[in-house]
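Accompanying notes for the structure given below.
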Amino acid sequence: MTPTRVVLADDHAIVRAGLRNALLEVAGLEIADEVGSGPELFEALARQPIELLIVDIAMPDFEPVAAVRQIKARYPDLKVLVVSAHADEAYVVGLLDAGVDGYHLKDQPLADLQLAVQRVLSGDRWISGPLVERLLRRRSQTAAPVAPLTRRQRELLRLLAQGHDNRTIAQQTGLSVKTVENHLTRLYRSLGVNSRSEVLSFLMRHPEVLASSGGAEDEPAGAAESGRSLAVLLVDDNPRYRQQLGRLIGKSYQAVRVFEADDVAEAVRLAENVKPQLALIDVVLTDEDGIYCARRVKAVSPATRIVLISAYPDREFHRLGLSAGAVAFLDKKDLDAAAVRQVVEDALG
């Protein structure tokens, strides 16, 4: 039987040696590579097929949440087990939301690590025992109502969820770093959180705050009528086009929540949490494939009706899109109010 190839990622050689020795007792494993930083990890994953990644989140040049999302988008079948000394439940929830398959605390017995590896490889999710009670207690807490967010606040939340730092957020929004810091301070206060990890935890429990509502463009989410029955996911790497399309959908159907994504990882995360009835996905995303995105969205939300859109209609795109689970393929130039209304009615039908 072909062994399961494993990469060990930790910036301390002595820790990697301990992990390696513990895993020698698990049948069918092969340590294919060992790395100590973020760049080394991505190079190792690109060199050969890997089935299991065991990773510490406190490595040099490694932003764990953003990195995990990127790794899961590139290697969807790869199992990721975090082995960390960090026990903060908000941080754990953020990484679980990003797609890790297990979170193991370093101070737990080696026998538990071996069991964690076996569970993760069998398709289960693993969380170290001491964390379970904290997570259950956190999930059972009732959060206070959140004031409706503006488009700017939703955009900042979206960029935070992607793992961007303040400088990158400033570049993408056209704001100064100081202005971004001020916006985030007010946003944290509105959400009742104190850190980025708590923001990620909050978004996992309340994905609806990222949605805009049907109606006026500047109307904050939550201001439309309460009887919403349609959630729509827009996946396009052009924020201006997403805004225009979202406005068209809002005019066609007032009782709607519109969620936006500009890459595959974000689209899959939203689809898994929100389960939208309708997804409009551009075929060509920056450095990514919209047809692959459609396939991933369909995998995590089978009931979602997927419509592919493109500025470059192509028969081969159409054929591949239908095979990925899309129900229709539309030319961007034809997406006027009437076409959008028909797409929405079909989704509701």
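Go through the residues of the stretch 19-27 one by one and say whether even a single one is on the phi < 0 side of the Ramachandran plot, in contact with an Asp or Glu (Cβ under 9 Å, 6 or more places away or on another chain) and surrounded by 17 or more Cβ atoms within 10 Å (Cβ to Cβ).
The answer is yes, given that some residue of the stretch 19-27 is on the phi < 0 side of the Ramachandran plot, in contact with an Asp or Glu (Cβ under 9 Å, 6 or more places away or on another chain) and surrounded by 17 or more Cβ atoms within 10 Å (Cβ to Cβ).
Residues checked against (1) surrounded by 18 or more Cβ atoms within 10 Å (Cβ to Cβ); (2) more than 19 Å from Ala73 (Cβ to Cβ); (3) outside the structural domain of Gly246 (by TED's automatic domain parsing); (4) in contact with an Asp or Glu (Cβ under 7 Å, 6 or more places away or on another chain):
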| residue | (1), (2), (3), (4) |
| --- | --- |
| Lys275 | no, yes, no, no |
| Ala279 | yes, no, no, no |
| Asp282 | yes, no, no, yes |
| Ile291 | yes, no, no, no |
| Val300 | no, no, no, yes |
| Leu308 | yes, no, no, no |
| Gly325 | yes, no, no, no |
| Asp331 | no, yes, no, no |
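Tally the residues that are in a loop (DSSP other than H, G, I, E, B) and either within 20 Å of the chain's Cα centre (by Cα) or surrounded by 22 or more Cβ atoms within 10 Å (Cβ to Cβ) (or both), restricting the search to the stretch 89-121.
Of the residues in that region, 3 qualify.
Restricting to helices (runs of 4 or more DSSP H) lying wholly in the stretch 220-329: which have 2 or more residues that are over 17 Å from Arg154 (Cβ atoms) and among the charged types (D, E, K, R)?
Those helices (runs of 4 or more DSSP H) span 290-300, 315-323.
Here's the yes/no breakdown for (1) at pLDDT 95 or above; (2) within 22 Å of Leu131 (Cβ to Cβ); (3) in the same structural domain as Tyr292 (by TED's automatic domain parsing); (4) among the acidic types (Asp, Glu):
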| position | (1), (2), (3), (4) |
| --- | --- |
| Arg16 | no, no, no, no |
| Leu24 | no, no, no, no |
| Asp56 | no, yes, no, yes |
| Met59 | no, yes, no, no |
| Val65 | no, yes, no, no |
| Tyr91 | no, yes, no, no |
| Leu96 | no, yes, no, no |
| Gly99 | no, yes, no, no |
| Gly102 | no, yes, no, no |
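The values are calculated or read from the model by the stated rules, or taken from the named source; none is laboratory data. Owing to the predicted nature of the structure, the values given are computational and were not obtained by experimental measurement. Positions of Cβ are generated from backbone atoms using ideal geometry, with glycine treated the same way; all protein chains shown enter the neighbour counts.
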